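Some notes on the structure that comes next.
A short reminder: the numbers here are calculations on the coordinates, not readings from a lab. As the structure is a prediction and not an experimental result, all values here were calculated from the model. Glycine gets a Cβ as well: all are built from the backbone with ideal geometry, and neighbour counts include every protein chain shown.
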Amino acid sequence: MSTEARDSERMTLAIRIGEQGRRTAPPNPWVGCVIVDRTGAVVGTGFHERPGTPHAEVHALAEAGERARGGTAYTTLEPCSHHGRTPPCVDALVEAAVARVVVALEDPDDRVAGAGIDRLRSAGIAVDLGTGADAAAASLRAYLHHRRTGRPYTVLKTAVSVDGRTAAADGSSRWITGPEARADAHRLRAESQAVMVGAGTALADRPTLTVRDVDGPVGPQPLRVLLDGSGRVPAEGPLFDVALAPTLVYTSERAPGARVDEWRAAGAKVVAVRRTGSELWLDSVLAGLAGRDVLQVLVEGGPTLHASFVRACLADRLVAYIGNVTLGPDALPMLAAPVTASLAAAPRWHLEHVARAGHDVRLDYEPADGTRWWRD
Ligand SMILES: NC(=O)c1ccc[n+]([C@@H]2O[C@H](COP(=O)([O-])OP(=O)(O)OC[C@H]3O[C@@H](n4cnc5c(N)ncnc54)[C@H](OP(=O)(O)O)[C@@H]3O)[C@@H](O)[C@H]2O)c1
C-alpha cells in the first residue's frame, strides 16, 4: 500500500473516532487522533470528549506511551498551540518525539490559524497538511462554519407531507412523520447547541424543544430560542420551564414591557434586536447565538420563519422529512412567505443525502454552489 493510501486510511479512522465527541465537545471541535509507531502499527487513539478535558492528541499519546517516539500522529484538525483550559497539544507531540504529524485541516480559529503547524515544523517534526481534508471538513462543518463566518451553521428542519405541506388546514401538524423520523430529528437536536422556533409555532404547538430518548452520550440540553418580536407568546408551558433547558427570547421594542418582565420572571433570557416589520434581523440573532458558543442551530420552523431564513440566504442546510400523508391545498406550505418571483431566480439546492426512516424519507440539502445565496 502506498504512503498516501495508508495515510488516507488512518485519517478516515481518526475522523470516525473524532465523531464520538460530536455531541459533547462543542463549543470545541470534535477532533480525532490516531498514533502509529515506527512500524506503522496503531498504538493510540483519542477524541476530544468535553470542553476542559484533554484534547484528542493527549488521549492518543497517553495510550501510545513510549511507542509514539519516532511514530506518526494523524489528527483531523491542526493541533492547538495556545494555552486554553488545557496545555497546547503541540507541546505534547513535541515532548512525545513523534517524527511526523499528518493534519487534515488547518484550524481557522484565530488563536491557532497555522501557528500549531509552524511550531511543529520548527521543532523539527515533519508535517503533512491536507490528507482527508474533504471528509474532515464534512465532519467538522459546523465548527469550521462558526469560526469562518461568525455565525452558527444553520440547519432548517421541516416535516412535510408528500405534497409539501407542514400543517393541515385546521393547524394540526402532529404528526406528519412517524416515530423513526421523529427519533432521527431528536438526534439532530442532540448535535445542535440551540433549537429555534418562531412565535407562530410556539403558540400553535407549545413545543418542549428538548433532546429526548436518544442513544449514546449527550451534551447539555440545547438552548431553546424563541423569536417573538411583538411579545405574543406568554411565559407558560414547557418552553418557559427553564428546569428542562435554558430559554432565550429574541424580541424587539414592540414587545410590551409586562411581557418582557414575565419572560424574565420565568427565568428566560431576553435580548432585543432590530426588526423590519414583524421580522427580527436574523443576522443579529445568529451573531448573538455564535457569541453564545452555538456552533449549530436547528431551526424547527414554522413556515414563516423558514421562509425568512431562505430569503435572507442564511440557511446552510435544509433537512426535510417527507411523511407518508397528503394534505391538499388548504394546508400550510413549507415556506409561508415569498422567496422568489421566478424559477430563474429561485434558490437551488444541492441534494447531499437521502435516507429512509420507517415510512418516511429524510432529504438533506445544502445551497447549490453558484446560486446567488451562497454567502461565504
Ligand atoms: N411540519 C413542521 O415541520 C412544522 C414545524 C413547525 C411549525 N409547524 C406548524 O407551523 C404553524 C406555525 O407556523 P407560522 O408560519 O405561523 O409561524 P412561525 O414561522 O413559527 O413564526 C412566525 C412568527 O415569528 C416571528 N418572527 C420574528 N422574527 C421573524 C423573522 N425574521 N422571520 C419570520 N418570523 C419572525 C413573527 O412573530 P412576531 O411578530 O410575534 O415576532 C412571525 O409572525 C403551526 O401550524 C405549526 O404546527 C409545522
Using θ = phi - 60° and Karplus 6.51 cos²θ - 1.76 cosθ + 1.60, couplings along region 89-95 (whole Hz; Gly, Pro as x): 5, 4, 4, 5, 5, 5, 4
Part-to-part distance (alpha-carbon centres) for region 314-359 and region 81-124, which is given in Å: 43 Å
Label-point gap, in nm, between Glu253 and Ser2 - each point 7 angstrom along Cα→Cβ: 6.4 nm
Cα principal axis extents for region 252-376, largest first, Å: 44, 33, 31
Three semi-axes of the equivalent ellipsoid, the chain, Cα gyration tensor, whole Å, largest first: 41, 23, 19
Residue range of the chain that is longest and free of GluC sites (Glu not before Pro) which are both DSSP loop and sparsely packed (at most 14 other C-beta within 10 Å): 1-235
Pairwise centroid distance, computed over Cα atoms, of region 1-21 with region 232-307, Å: 41 Å
Estimated distance in nm for a label pair at Thr53 and Ala287, the labels positioned 7 Å out from Cα along Cα-to-Cβ: 3.5 nm
Other-chain or far-sequence residues with amide H under 5 Å of Leu77's (modelled H): Gly32, Ala104, Leu105
Cα pair distances of region 1-128 binned at 5 Å [whole percent]: 2, 13, 24, 27, 22, 10, 3, 0
37 °C / 0.692 mPa s Stokes-Einstein diffusion coefficient of region 283-339, Kirkwood radius on C-alpha pairs, µm²/s: 251 µm²/s
The chain - share of DSSP beta bridges that are antiparallel (%, nearest 5): 45 percent
Estimated FRET transfer efficiency when R0 is 35 angstrom, pair Arg148-Ser172 (beta carbons, to 0.05): 0.30
Other-chain or far-sequence residues with amide H under 5 Å of Val101's (modelled H): Ala73, Ala126, Val127, Asp128
Mean Cβ count within 10 Å, highest first, over the residues of peptides 123-129, 35-41: 35-41, 123-129
Mean Cβ count within 10 Å, highest first, over the residues of peptides 203-209, 149-155: 149-155, 203-209
Debye, to nearest 20: dipole size of the chain, +1 on Lys, Arg Cβ, -1 on Asp, Glu Cβ: 540 debye
Whole-Hz ³J(HN,Hα) from phi, Karplus 6.51 cos²θ - 1.76 cosθ + 1.60, for region 157-165, glycine and proline x: 10, 9, 10, 10, 6, 4, 8, x, 10
Label-point gap, in nm, between Glu9 and Arg232 - each point 7 angstrom along Cα→Cβ: 5.8 nm
Mean separation of Cα contacts under 8 Å (6+ apart) over length of region 140-214, as relative contact order %: 21 percent
Per principal axis, descending, Cα span of region 209-288 in whole Å: 43, 27, 15
Longest to shortest principal axis, alpha-carbon extents of region 241-309, angstrom: 31, 28, 23
J(HN,Hα) series, region 51-56, from Karplus relation 6.51 cos²θ - 1.76 cosθ + 1.60, nearest Hz, glycine and proline x: x, x, 9, x, 7, 3
Rg/Rg_globular for region 189-323, with Rg_globular taken as 2.2 N^0.38 Å and Rg from C-alpha atoms: 1.00
Residue (of Gly200, Thr210, Leu188) at the positive-pole extreme of the chain, dipole from beta-carbon charges: Gly200
Ranked Met11, Met1, criterion: other C-beta atoms within 10 Å, fewest first: Met1, Met11
Zone residues, region 114-135, relative to Asp369, backbone N less than 15 Å from point 7 Å out along Cα-to-Cβ: 134-135
Computed FRET value (nearest 0.05) for Ser278 with Ala133, which takes r as the C-beta separation and R₀ as 45 Å: 0.60
Ranked Val294, Val271, criterion: other C-beta atoms within 10 Å, fewest first: Val271, Val294
Under-5 Å amide H pairs with Val270, H placed in peptide plane, nonlocal only: Val249
Residue order, fewest to most beta carbons within 10 Å, for Thr340, Thr251: Thr340, Thr251
